[in-house]
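Single-structure report; data block below.
The values are calculated or read from the model by the stated rules, or taken from the named source; none is laboratory data. Here the structure is a predicted model, which is why all the values come from computation and not from measurement. We place every Cβ from the backbone using ideal geometry, glycine too, and count neighbours over all the protein chains shown. Keep in mind that these areas ignore ligands, DNA and RNA; they rest on the heavy atoms of the full protein, side chains included. Shrake-Rupley method; radii C 1.70, N 1.55, O 1.52, S 1.80 Å.
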Amino acid sequence: MTTYHIEHRTTYTYDSEVTGSYGQVHLRPRDLAWQTCMTHEITIDPEPADLFRHIDLYGNEQAYFHVVQPHTRLVVTSTSVVNVEVNNLDPGLLAMPWEQALPRSRQDDSEAWEATDFTFPSRYVEIPRPIRDYARPSFPAGCPIAEAVVELMHRIYGDFTYKSGSTTLTTKVSDLLEKRTGVCQDFAHVMVASLRSLGLAGRYVSGYLATRPAPGKPRQVEDAASHAWVGCWIPDAGWLYLDPTNDRLIDDSHTTVAWGRDYGDVPPVMGVIFTEAKKSTMNVSVDMAET
């Protein structure tokens, strides 16, 4: 088991006063069979008039806040302590033919009903015809589900180039297939769309990835970052989680915060402001340290 202290800070600055700010955050790490959030705190500066939490449709904790003090700077800080272990699934179930893992073919399975929600197009994950053509070679008839999904992950990692700033939130999967560049969010959206194009359940996951410094080098704050990866539902086994940006299964260096159909369900911080400001900036920093 690995224990992390995680600080996620988002700072907004404006060139004129903001008179009202409404925000929604997904920042509390989930409690899972392999992960326990020991402590979690959200602080907001200026202090909000309202701050409350609830659990959303997918079991994620959402927090909402309302700042009414006029301000030109808003800082949202999340601090967590989390225990994480490696999540191991039953190898026998991972070997089932991929065709048997289609949720809509298993209507006698109560968990399949939940998984079916992750087989349809969503706001940021459309399923264009070319994505099925892209995914299909990784899924020959009768191929074990885990083998096929890992092969798809390998191909996405090899075919796409990580390039910061090359895409926006509204970049479509069809555009990603053409340009073959993006960030972790885009790698995840492509893989989710690929799985769904074949009738499999693909889940978008947001969280943090701890990276270890090279031997003899000090740990840097920049060695941790917000991250995104993918879950594929395996009947009776649960969800197999894969990180296509780094070509690996998730392990105890990944801390899960929230999951949904795509990025739009689980943005770390989003909101609405009332202001006459013409310019604004946003800075995000994450520090993830083993304790």
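Considering only strands (runs of 3 or more DSSP E) fully contained in the range 1-58, which possess at least 3 residues that are polar (S, T, N, Q)?
Counting at least 3 such residues, we get 2-25, 35-45.
So which of 4, 12, 58 ends up being in contact (Cβ under 8 Å) with a residue 24 or more places away in the chain and either open to solvent by 50 Å² or more (accessible area, probe 1.4 Å) or farther than 20 Å from residue 205 by Cβ (or both)?
Values: 4 fails: either open to solvent by 50 Å² or more (accessible area, probe 1.4 Å) or farther than 20 Å from residue 205 by Cβ (or both); 58 fails: either open to solvent by 50 Å² or more (accessible area, probe 1.4 Å) or farther than 20 Å from residue 205 by Cβ (or both).
Being in contact (Cβ under 8 Å) with a residue 24 or more places away in the chain and either open to solvent by 50 Å² or more (accessible area, probe 1.4 Å) or farther than 20 Å from residue 205 by Cβ (or both) holds for just one of 4, 12, 58, which is 12.
For a quick check of your reading of the model, give me the residue pairs whose first member lies in the range 248-259 and is in contact (Cβ under 8 Å) with a residue 24 or more places away in the chain, whose second is among the aliphatic types (A, V, I, L, M) and not in a strand (DSSP E or B), with beta-carbon atoms closer than 7 Å and at least 6 apart or on different chains.
Going by the 7 Å Cβ cut-off, the qualifying pairs are 251/86; 252/86; 257/27; 258/266; 259/266.
Counting just the residues of the range 247-264 that are open to solvent by 10 Å² or more (accessible area, probe 1.4 Å) and not in a strand (DSSP E or B), which one comes out nearest to residue 117 (Cα to Cα)?
That would be 261.
For the range 151-176, which residues satisfy the criterion of being open to solvent by 40 Å² or more (accessible area, probe 1.4 Å) and assigned to a helix (DSSP H, G or I)?
The answer is 151, 154, 155, 157, 158, 159, 174, 175.
Cβ-Cβ under 6 Å, sequence separation 6+ or interchain: first residue in the range 27-40 and under 11 Å from residue 4 (Cβ atoms), partner open to solvent by 60 Å² or more (accessible area, probe 1.4 Å). Which pairs?
37/31
So, in the range 226-241, of the ones that are of a type in the set (A, V, I, L, M) and within 17 Å of residue 33 (Cα to Cα), which residue ends up least open to solvent (accessible area, probe 1.4 Å)?
By that ranking, first place goes to 234.
For residue 141, state whether it is modelled with pLDDT of 95 or more, of a type in the set (A, V, I, L, M), open to solvent by less than 20 Å² (accessible area, probe 1.4 Å) and more than 13 Å from residue 233 (Cα to Cα).
Criteria not met by residue 141.
For the range 181-200, indicate whether the set of residues that are more than 19 Å from residue 254 (Cβ to Cβ), in a loop (DSSP other than H, G, I, E, B) and either open to solvent by 30 Å² or more (accessible area, probe 1.4 Å) or at pLDDT below 95 (or both) is non-empty.
No - not one qualifying residue is present in the range 181-200.
Checking the structure you have, find out if any residue of the range 66-89 is open to solvent by 20 Å² or more (accessible area, probe 1.4 Å), touching a residue at least 12 places away in the same chain (Cβ under 8 Å), touching a helix residue (DSSP H, G or I) at 6+ places or on another chain (Cβ under 7 Å) and over 30 Å from residue 279 (Cβ atoms).
no
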